[in-house]
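Below: the structure, in structure tokens.
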Amino acid sequence: MQGLTISPIAAGALPPECEALRAEVRAFLAGAMADIPPARRCRNWSGADPAFSRKLGERGWIGMTWPKRYGGHERTSLERYVVLEEMLAAGAPVGAHWIADRQSGPLLMRYAPDTLAPRIVPRIARGEAFFCIGMSEPDSGSDLASIRTRADRRVDGRGDGWVINGRKVWTSGAHRAHYMIALVRTEGRGDNRHGGMSQFLVDMKTPGLTVRPIVNQLGEHDFNEVTFDDVFVPAENLIGSEGEGWQQVGAELAFERSGPERYLSSSQLLLEMLDAADAADPRHAVALGRVVAQYGTLRQMSLGVAGMLSRGENPALAAALVKDQGALVEQAMPDLANDLFGGRVEPGSTLDQTMRYTTLAVPSFSLRGGTREILRGMIAKGMDLR
Ligand SMILES: Cc1cc2nc3c(=O)[nH]c(=O)nc-3n(C[C@H](O)[C@H](O)[C@H](O)COP(=O)(O)OP(=O)(O)OC[C@H]3O[C@@H](n4cnc5c(N)ncnc54)[C@H](O)[C@@H]3O)c2cc1C
């Protein structure tokens with residue numbers, strides 16, 4: 001839009017070291033993404049490029065806040081936030097390492113600090129080890145405690161370990177991941193329905209493990225079905241304590257729900273709309289100004305969650321709020337684009353392609369990482385309303 005000077009991302013000043021880093025990241029992205037067309041950028045953190053992840057690893061932009069003994073860089077959570085928001089705003093193909101950086105690395109450092117973490121986490125920080133999340137099952141999504149995939153303790157020719165049988169579904173990135181962190185049942189369901197579950201690190205190359213693609217409504221292969229048929233996992237791959245999987249998964253979900261990707265997944269469409277907008281049209285100025293203001297509010301809230309995480313506080317309630325509100329703003333964006341530009345978008349233009357992609361992508365935003373109803377239930381509980 002001619003004459004418009006607001007940047008949806010740059011609003012809100014951070015300490016000078018963060019802004020210096022922002023300039024460094026932007027300069028890197030200008031070069032590294034020069035050949036990536038806008039229509040591919042709208043895949044945002046669903047887009048994956050292992051070579052790109054390795055480049056970020058070399059620059060120290062994965063595992064940024066982690067201790068140096070785990071290959072991390074001991075930078076602040078605000079510095080990490082700046083890198084994340086620049087990657088998302090640019091639509092960089094960060095999907096390969098995203099889950100490992102966001103939740104798997106922190107989980108391993110917290111619950112397997114002397115066993116698995118020293119071996120695996122430095123590889124995550126180098127952009128060489130990718131993870132997937134093995135929580136949902138065909139009949140267990142929102143009601144995660146009803147999972148049926150189980151692990152039984154076994155000592156046999158393969159050693160001392162566990163044998164896993166069952167099925168996971170909607171597993172994003174399983175086809176390119178090196179590891180899964182799987183939540184499974186290690187005891188039957190007793191009186192405590194949240195008891196008897198445990199988490200395991202599973203090497204995706206283990207015999208008996210099969211990954212089958214599920215093509216989404218965009219026609220893309222992002223998530224999968226993963227079946228476990230007598231999959232042997234060594235005893236040392238138990239993460240944390242046996243039977244404590246539910247508590248551990250709660251901490252993991254707080255990481256999963258808290259990042260800026262929960263309101264910046266459709267930033268490409270906003271940028272395209274700003275490019276196409278007519279500064280002389282007050283409808284455009286008001287509508288887009290409103291979205292930019294919403295971004296500003298969500299950013300402040302999301303930064304607040306980042307602060308809570310860095311202080312070791314539990315951000316579950318705040319993260320649920322940001323994710324719920326972020327999904328609302330993002331899901332309204334394709335309709336807004338249609339209101340403002342529908343009927344006069346040049347077919348095949350980057351705005352046209354971005355509108356089409358985003359229209360089909362946004363319904364999943366209030367499903368993945370916890371549905372709208374589940375998050376609102378958590379918010380109500382957190383406010384003592386139920
Ligand atoms: C793009 C995408 C990526 C995903 N990636 C992964 C992944 O990598 N790993 C993984 O494990 N899972 C993944 N998932 C699965 C996701 O976590 C589940 O889809 C989600 O938890 C909902 O579970 P469900 O699909 O079984 O729906 P259900 O739980 O069956 O829900 C169906 C509907 O009923 C509502 N509902 C359910 N229970 C209640 C209740 N108690 N009160 C009110 N309403 C309720 C829900 O809100 C929803 O609207 C992904 C999903 C998507 C869309």
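Of the listed requirements (1) farther than 24 Å from Ala306 by Cβ; (2) buried (at least 22 other Cβ atoms within 10 Å of the Cβ); (3) not aromatic (Phe, Trp, Tyr), Val94 misses just one: (1). For region 223-281, what are the residues that are charged (D, E, K, R) and within 30 Å of Val163 (Cβ to Cβ)? Within region 223-281, Glu225, Asp229, Asp230, Glu236, Glu242, Glu244, Glu252, Glu256 meet the criteria. Counting only residues that are over 24 Å from the mean Cα position of the chain (by Cα), part of a loop (DSSP other than H, G, I, E, B) and not aliphatic (A, V, I, L, M), region 343-370 holds 6 of them. Just wondering, is there one or more residues in region 258-268 that are surrounded by fewer than 17 Cβ atoms within 10 Å (Cβ to Cβ), of a type in the set (Ser, Thr, Tyr) and either part of a helix (DSSP H, G or I) or not assigned by TED's automatic domain parsing to the domain that holds Arg376 (or both)? There is no residue in region 258-268 that is surrounded by fewer than 17 Cβ atoms within 10 Å (Cβ to Cβ), of a type in the set (Ser, Thr, Tyr) and either part of a helix (DSSP H, G or I) or not assigned by TED's automatic domain parsing to the domain that holds Arg376 (or both).
If I filter region 340-354 for residues that are at pLDDT 95 or above and under 29 Å from Gln103 (Cβ atoms), do I get at least one hit? Among the residues of region 340-354, at least one is at pLDDT 95 or above and under 29 Å from Gln103 (Cβ atoms), which makes the answer yes. I'd like to know if region 332-339 contains one or more residues that are farther than 30 Å from Gly219 by Cα and crowded, with 20+ Cβ neighbours inside 10 Å. Among the residues of region 332-339, not one is farther than 30 Å from Gly219 by Cα and crowded, with 20+ Cβ neighbours inside 10 Å, which makes the answer no. The strands (runs of 3 or more DSSP E) falling completely within region 127-242 that include 1 or more residues that are farther than 30 Å from Pro93 by Cα map to 150-156, 159-169, 179-185, 197-203, 221-234. For Glu252, the conditions (1) touching a strand residue (DSSP E or B) at 6+ places or on another chain (Cβ under 8 Å); (2) at pLDDT 95 or above; (3) under 23 Å from Ala306 (Cβ atoms) all hold with the exception of (2).
Hey, can you tell me all the residues within region 164-178 that are within 13 Å of the ligand (Cβ to nearest atom), farther than 15 Å from Ile214 by Cα and buried (at least 22 other Cβ atoms within 10 Å of the Cβ)?
Across region 164-178, the qualifying residue is only Ala177.
From the list Ala112, Ala125, Ala145, Ala117, the lone residue that is over 17 Å from Thr227 (Cα atoms), surrounded by fewer than 22 Cβ atoms within 10 Å (Cβ to Cβ) and in contact with a helix residue (DSSP H, G or I) (Cβ under 8 Å, 6 or more places away or on another chain) is Ala145.
Looking across region 85-138 at every residue that is aromatic (Phe, Trp, Tyr) and closer than 16 Å to Phe200 by Cβ, the one that is farthest from the ligand (Cβ to nearest atom) is identified as Tyr111. Taking the condition in a helix (DSSP H, G or I) and either within 11 Å of the ligand (Cβ to nearest atom) or in contact with a Gly (Cβ under 7 Å, 6 or more places away or on another chain) (or both), does Glu373 pass? Yes. Checking Ser266 against (1) modelled with pLDDT under 95; (2) farther than 25 Å from Glu128 by Cβ; (3) among the polar types (S, T, N, Q); (4) out of contact with any Asp or Glu (no Cβ under 7 Å at 6 or more places or on another chain): exactly one of these is not met. Which one? With respect to (1) modelled with pLDDT under 95; (2) farther than 25 Å from Glu128 by Cβ; (3) among the polar types (S, T, N, Q); (4) out of contact with any Asp or Glu (no Cβ under 7 Å at 6 or more places or on another chain), Ser266 is out only on (4).
Note on region 139-163: among residues that are within 15 Å of the ligand (Cβ to nearest atom) and in contact with an Asp or Glu (Cβ under 9 Å, 6 or more places away or on another chain), the one that is nearest to Leu209 (Cα to Cα) is Thr149.
Among the conditions (1) buried (at least 18 other Cβ atoms within 10 Å of the Cβ); (2) closer than 28 Å to Ser46 by Cα; (3) over 23 Å from the mean Cα position of the chain (by Cα), the only one that Pro207 does not satisfy is (1).
Pairs only if they're at least six apart or on different chains, beta carbon under 8 angstrom, first in region 59-87 and free of Cβ contacts under 8 Å to residues at least 12 places away in the same chain and at positive phi, second surrounded by fewer than 17 Cβ atoms within 10 Å (Cβ to Cβ) and in a loop (DSSP other than H, G, I, E, B); list them, first residue then second. Matching pairs, first to second residue: Glu74/Pro67. Tallying residues that are more than 25 Å from Glu373 (Cα to Cα) and among the polar types (S, T, N, Q) within region 150-177 yields 1. Take the conditions (1) exposed (fewer than 15 other Cβ atoms within 10 Å of the Cβ); (2) of a type in the set (A, V, I, L, M); (3) assigned by TED's automatic domain parsing to the domain that holds Ser302; (4) under 30 Å from Met378 (Cβ atoms); Ala280 misses just one of them, which is (4).
The single condition among (1) more than 16 Å from the ligand (Cβ to nearest atom); (2) farther than 29 Å from Pro282 by Cβ; (3) buried (at least 19 other Cβ atoms within 10 Å of the Cβ) that Ala319 does not satisfy is (1).
The values are calculated or read from the model by the stated rules, or taken from the named source; none is laboratory data. Computed from a predicted structure; not experimentally measured. Every residue, glycine among them, receives a Cβ derived from its backbone with ideal geometry; neighbour counts consider all protein chains shown.
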